[in-house]
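For reference, the structure is listed below as C-alpha cells.
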Amino acid sequence: MTITRRKFLGWIGGAAAGSATLAGTVAHGASNKEFKGYPGSFGVLHDITKCIGCRKCEQACSEVNAMPAPNKPFDDLSVLEKERRTTVTTHTVVNKFDKREFDKSATSQSGNAEDSGDKLGGDKQVINSSGSLFVKKQCNHCLEPACASACFVNAFKKDRTGAVTYNESLCVGCRYCMVACPFNIPTYEYDEPLTPRVMKCTLCLPRIQEGKLPACVEICPKEALVFGEREELIKQARMRIQKYPDNYVDHIYGEHEMGGTSWLYLSPVPFNEVGMREDLGKHSAPELTAGALSAVPIVVGLWPVLLTGIYAISKRKDKIAQEEQKEAVAKVKEDAQEQMALKLEELKKKMNKEREIAIKTEVKKALDQAAKASEAKATKLSEEEQ
Amino acid sequence: MTLQTISIKSRLINNPLIKKVEWTPVNIVTAIILVMGFFLTIARFFGGLGTVTNLDDNNPWGVWIGFDLLCGVALAAGGYVTSSACYIFGLKRFHSAVRPAILTAFLGYALVAFALNYDVGRPWRLPYPVFYSPGTSSLLFEVGLCVFLYLNVLFIEFTPAAFEWLGLKKIRSFVVGLTMILTIFGVVLSTLHQSSLGALFLIAPSKLHPLWYSGYLPVYFFISSMFAGMSMVIFEGSLAHKYLHHKMDDTHLSESDGVVLGFSKAASFVMMGYLGIKLIGLAIDNNWHHLFTGWGLWFLFELIGFVAIPAFMYAVAARDKNVKFARIASVFAVLGIILNRLNISLIAFNWHLPSSQRYFPSWMEIATSVFIVTLGIVVYRFITAYMPILYEHSDYKHDNSNQNANSHDD
Amino acid sequence: MEHIFYTLQDFMVHTKGITYLIMGGLLIALPLFWLFLTGRDEKNKTF
C-alpha cells in the first residue's frame with residue numbers, strides 16, 4: 001500500500017489519532033542486538049524528478065513555524081540561483097541544480113524517458129522542461145540520529161513517529177550536534193546572547209500528532225513529497241524505479257545512508273550531482289562511537305589495578321634496595337670490626353714478640369755485661385796475682 | 001574555628017609577603033590585555049556569539065574549542081605525567097617538578113572550564129550533563145564528566161601548597177595522605193578525557209580529512225598528550241628559570257636538569273612510538289594516496305616537522321645531556337601539539353567545503369583566547385610568588401623529603 | 001520490567017548510563033579493597 005497525502009488523511013481519520021496507532025504497536029522481532037527503528041514510523045519520499053522549485057514548501061514551513069518573513073518573498077525564484085543551506089529562520093530550502101552540471105547523464109536519461117514515455121502514454125514522467133533539477137533540503141530525521149548520539153544532555157530524541165525532536169529546555173548550546181550532523185542541518189542562533197537555540201525541521205511533529213501532514217508535504221502541488229510509513233515509502237520508491245528505470249538512478253537515498261533516514265529521495269542523476277553526499281557510508285552515528293565508548297569502562301576497571309600493581313612493584317623494589325643497603329652497611333661494619341680485631345691481634349703479637357726480643361736482648365746484654373764484668377774481675381785478679 | 005578563619009583572613013589581607021604591583025612594561029601589557037578581555041566578555045554576553053566570533057552554521061566550533069579546549073587540555077597533561085612518574089613509577093628525582101606541574105595542570109583545566117563559559121550558549125547549564133540530564137551516549141559527556149572530576153582532583157592535589165602558605169598543618173597532612181589515590185584517579189581520568197577529546201571527531205568521518213580521521217583518534221590523542229605534558233613541563237620550566245629563578249630552592253635547582261633530561265628521553269621515545277602508530281593508521285585505512293596531495297604535504301609537515309624532528313632533537317639532547325637543546329626541542333613539540341589539535345578541529349575539518357564557506361577566526365576570538373591565557377599567567381605568577389611551588393616550605397622540608405615513603409599511610 | 005529498545009541510540013543511552021554508575025562504584029570499591037588486601041601487611045604499608 002502506498003500512502004499519498006490524501007490516502008493518509010483518510011487513514012489517520014480511521015485510526016482516531018496518528019499517535020494512538022503507534023502507541024499500541026508491538027515490536028516485531030525487535031531485539032537488543034539489532035535495532036530496526038520504531039515500527040511503523042513515518043517518513044517522507046521526495047521525488048526530485050517531480051519538484052518544480054516553486055518554493056511553496058519553504059513558505060508553508062516558514063508560516064507553520066512562525067518565522068519572520070524573508071527579505072525576498074517566497075515567489076521570488078531568483079533566490080534559487082545560489083545554493084543555500086538551512087538557516088535559523090529557514091528550516092527547509094529548495095536548491096536548483098543546473099542542467100549543465102549533469103549534462104551528459106541528464107540528456108541521456110531524459111532522452112530515454114521520452115522514448116519510453118511514448119509507449120507508456122499518459123504515465124510519461126519527464127524531467128521538467130527547464131532541464132534544471134530542484135532538491136528540497138531539510139532535516140532528514142535519521143533513524144539513528146547523529147545529533148542525538150552527540151548530545152551530552154539528551155536534548156535530541158528519535159520520536160516513535162519518526163521525528164527527531166529537540167528539547168530546548170535542556171540544551172547547553174555546545175553545538176556538538178552541528179559538528180556531528182553529516183547533512184549539515186542544525187543551525188544555531190548565534191545572535192542570541194543568552195538563550196540561543198539549535199534550530200531545525202521538526203517534521204511538523206505537532207501537526208502529525210494532530211493527525212495532519214507536515215506543512216511542506218501538504219502544500220506541495222506536484223506530489224513531489226509523499227508522507228507515509230517509511231517501510232511503505234521504500235516499497236513505493238522501489239516500484240517507481242522498477243516502473244521507470246530510465247527516469248531514476250537505482251538508489252533510494254536515505255534507505256541506508258548513515259544507518260538510514262526517515263526522509264527518502266529519488267533522483268534522475270547520481271545524488272552527488274545534486275548536492276547530496278554519497279560517501280557518508282552505512283554506519284550510523286552511534287555505531288561510529290560505540291568502540292570508543294566501550295573502551296571507557298574497561299579503562300576505569302583495569303587502570304587502577306595496573307597502576308596500583310606498578311606502584312606496588314616500584315615500592316617493593318625500593319624496599320628491597322633499602323634492605324640491601326642496610327645489609328651492606330651492616331656487613332661493612334662487621335667487616336671493619338673483624339679487621340680491627342685482626343689488626344689488634346697482630347699488633348698484640350707483634351708487641352709480644354718485640355717485648356720478648358727486648359727481654360732477650362736485655363737478658364743477653366745483662367749476661368754479656370755480667371760475663372764481661374766477671375771476665376774483667378778475673379783478669380784483674382790474675383793481674384794482681386802476678 | 002572562627003579564630004582560625006580570622007587568622008587566615010588577616011594573613012591574606014595583611015600578609016607582608018603580598019607586595020604592591022609594580023608598573024613594569026610586562027605588567028602594563030598584561031593590564032591592557034585584561035581590560036580588553038573585560039570588554040570582549042561584555043560583548044560576548046550582551047551581543048551573543050555572533051558579534052564576537054566568525055562561527056557559522058557550517059563551522060560551529062572555532063578557536064575557543066580548537067585552541068582553548070583541545071590544546072589547553074593536551075598541554076595541561078604535565079600534571080598527570082609528572083605525578084604518575086614520581087609517585088606511581090617511583091622516579092623520585094622528579095619530585096621537585098611535581099608541584100609546578102600540578103599547578104600548571106590545575107590552572108590549565110580551570111582556564112579550559114572558564115573558556116567554555118564563553119563558547120557554550122548557556123554557560124549556567126554546564127552542570128546539566130553531569131547532574132541533570134546525562135547524555136551517556138555522547139563522547140562529549142565523557143569529556144565533560146572527566147574534566148569536571150579531574151579539575152576537582154587537581155584542585156585537591158594543589159591545596160597542600162596553599163595550606164602550607166596559610167599555615168594549616170593538620171588539613172595539609174590529611175590531603176598529603178591522599179596523594180597516591182589522587183594520582184591514580186588522575187591517571188584514569190586523564191586517560192579517559194584525553195582520548196575522548198580525539199574520539200569526539202569519530203562521529204564525523206564525512207567532515208574530517210581522511211589523513212586525520214582514524215579509528216585510532218582516541219589513542220593518538222592520549223599518546224600525544226603524554227609528550228605534550230612532558231614538553232610543557234620542560235618548556236614551562238625554562239620560562240620559570242628565566243623569570244622566577246630567585247624563587248627556586250637548591251633542591252629544585254639541582255633536580256631540574258635531571259627532570260629536563262629525563263623527560264627529554266621519555267618524550268623522544270613516546271614520540272617515536274606515536275609516529276609508528278600514525279604510520280599504522282595510514283596503512284590500516286589505506287590512505288597512502290592522500291600523501292601526494294596538498295593535504296598530504298600538510299600532514300607530513302605536521303608529522304615530520306613537529307613530531308619527528310623534535311623527537312630527534314630530544315634524543316640528541318638526552319644523549320649529550322644538553323639541557324638547552326632539550327628546551328629548544330620542547331618549543332617545537334608544543335607547537336606540534338597545537339598544530340595537530342588545530343588541524344583536527346579546524347584546518348582539516350570541513351576540508352571538503354569551498355573556501356568561501358570555511359572558517360577563519362575573528363580578531364576578537366583570538367583576543368579572547370589571548371586574554372584567557374594571560375589570565376592564567378597572572379594567576380601562575382601570583383601563586384608562585386606566594387606559595388611554596390618552586391621551593392619547599394621550611395616547615396615541611398623533612399616531611400617532603402620523606403613524602404614518598406609516608407604519604408601513603410592514611 | 002522488560003523494555004524494548006527500538007534504536008541503538010536509546011539502547012546506548014541506557015546501557016552506558018548503567019556502566020557509568022558501575023564505573024563510579026569501581027573507583028570507590030577498588031581502593032577500599034586494596035586497603036583490605038594490604039591491611040595486615042607490615043607497618044610500612046604499600047599504600
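The values are calculated or read from the model by the stated rules, or taken from the named source; none is laboratory data. All values reported here derive from a predicted model rather than from experimental measurement. Positions of Cβ are generated from backbone atoms using ideal geometry, with glycine treated the same way; all protein chains shown enter the neighbour counts. Surface areas here come from the heavy atoms of the whole protein model, side chains and all, with no ligands, DNA or RNA. Shrake-Rupley method; radii C 1.70, N 1.55, O 1.52, S 1.80 Å.
Worth pointing out:
- Scan of the stretch B:131-163 for residues that are in contact with a Lys or Arg (Cβ under 7 Å, 6 or more places away or on another chain) and within 13 Å of chain C (Cβ to nearest Cβ), ordered by number: B:136, B:137
- Candidate set: the stretch B:41-76, residues that are surrounded by 24 or more Cβ atoms within 10 Å (Cβ to Cβ) and not in a helix (DSSP H, G or I); chosen: the one farthest from the other protein chains (Cβ to nearest Cβ): B:76
- Restricting the stretch B:114-123 to residues that are surrounded by fewer than 21 Cβ atoms within 10 Å (Cβ to Cβ) and more than 9 Å from chain A (Cβ to nearest Cβ), the residue that is nearest to residue B:373 (Cα to Cα): B:114
- Selection from the stretch B:316-355 of residues that are in a helix (DSSP H, G or I), more than 30 Å from residue B:56 (Cβ to Cβ) and open to solvent by 30 Å² or more (accessible area, probe 1.4 Å): B:316, B:319, B:320, B:324, B:325, B:327, B:328, B:331, B:332
- Residue in the stretch A:281-289 that is within 30 Å of residue B:186 (Cα to Cα), at pLDDT 90 or above and hydroxyl-bearing (Ser, Thr, Tyr) present: yes
Yes/no matrix, rows are residues, columns are (1) at pLDDT 90 or above; (2) within 30 Å of residue A:156 (Cβ to Cβ); (3) open to solvent by 10 Å² or more (accessible area, probe 1.4 Å); (4) not hydrophobic (A, V, I, L, M, F, W, C):
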site: B:127; (1), (2), (3), (4): yes, yes, yes, yes
site: B:131; (1), (2), (3), (4): yes, yes, yes, no
site: B:135; (1), (2), (3), (4): yes, yes, no, yes
site: B:145; (1), (2), (3), (4): yes, yes, yes, no
site: B:158; (1), (2), (3), (4): no, no, yes, no
site: B:161; (1), (2), (3), (4): no, no, no, no
site: B:179; (1), (2), (3), (4): no, no, yes, yes
site: B:197; (1), (2), (3), (4): yes, yes, no, no
site: B:224; (1), (2), (3), (4): yes, no, no, yes
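- Answer from B:253, B:239 - the residue that is modelled with pLDDT under 95, more than 18 Å from residue B:340 (Cα to Cα) and open to solvent by 60 Å² or more (accessible area, probe 1.4 Å): B:239
Per-residue answers, yes or no, for (1) more than 14 Å from chain B (Cβ to nearest Cβ); (2) surrounded by fewer than 10 Cβ atoms within 10 Å (Cβ to Cβ); (3) in contact with a Ser or Thr (Cβ under 9 Å, 6 or more places away or on another chain):
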site: A:307; (1), (2), (3): no, no, yes
site: A:314; (1), (2), (3): no, no, no
site: A:317; (1), (2), (3): no, no, no
site: A:324; (1), (2), (3): yes, no, no
site: A:339; (1), (2), (3): yes, no, no
site: A:350; (1), (2), (3): yes, no, no
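- Scanning the stretch A:253-283 for residues that are in a loop (DSSP other than H, G, I, E, B) and open to solvent by 10 Å² or more (accessible area, probe 1.4 Å) gives A:255, A:256, A:270, A:275, A:276, A:277, A:278, A:279, A:280, A:281, A:282, A:283.
For (1) within 30 Å of residue C:30 (Cα to Cα); (2) more than 7 Å from chain B (Cβ to nearest Cβ); (3) aliphatic (A, V, I, L, M), each residue gets a yes or a no:
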site: A:270; (1), (2), (3): no, yes, no
site: A:276; (1), (2), (3): no, yes, yes
site: A:279; (1), (2), (3): no, no, no
site: A:282; (1), (2), (3): no, yes, no
site: A:289; (1), (2), (3): yes, no, no
site: A:292; (1), (2), (3): yes, no, yes
site: A:299; (1), (2), (3): yes, no, yes
site: A:303; (1), (2), (3): yes, no, no
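- The criterion of at least 1 residues that are within 13 Å of chain B (Cβ to nearest Cβ) is met by the following helices (runs of 4 or more DSSP H) wholly inside the stretch A:138-209: A:146-150, A:176-180.
- Tally of residues being out of contact with any Gly (no Cβ under 8 Å at 6 or more places or on another chain) and within 30 Å of residue B:27 (Cβ to Cβ) across the stretch B:334-369: 9
- Of all residues in the stretch A:59-68, at least one satisfies being under 25 Å from residue A:158 (Cβ atoms), of a type outside the set (Ser, Thr, Tyr) and crowded, with 22+ Cβ neighbours inside 10 Å.
- Hits in the stretch A:52-76 - residues which are free of Cβ contacts under 8 Å to residues at least 40 places away in the same chain, more than 36 Å from the chain's Cα centre (by Cα) and within 13 Å of residue A:94 (Cα to Cα): A:74, A:75, A:76
- In the stretch B:200-231, residue farthest from the other protein chains (Cβ to nearest Cβ) [restricted to those that are of a type in the set (A, V, I, L, M) and over 19 Å from residue B:270 (Cα atoms)]: B:211
- The single condition from (1) farther than 30 Å from residue B:58 by Cβ; (2) in contact with a Lys or Arg (Cβ under 6 Å, 6 or more places away or on another chain) that residue B:350 fails is (1).
- Residue match in the stretch A:222-233 (condition: farther than 27 Å from residue A:39 by Cα and either within 32 Å of the chain's Cα centre (by Cα) or not aliphatic (A, V, I, L, M) (or both)): yes
- Screening residue B:96 on (1) surrounded by 23 or more Cβ atoms within 10 Å (Cβ to Cβ); (2) within 13 Å of another protein chain (Cβ to nearest Cβ); (3) at pLDDT below 90 shows it passes everything except condition (2).
- Count of the stretch C:1-23 residues which are of a type in the set (Gly, Ala, Ser) and open to solvent by 30 Å² or more (accessible area, probe 1.4 Å): 0
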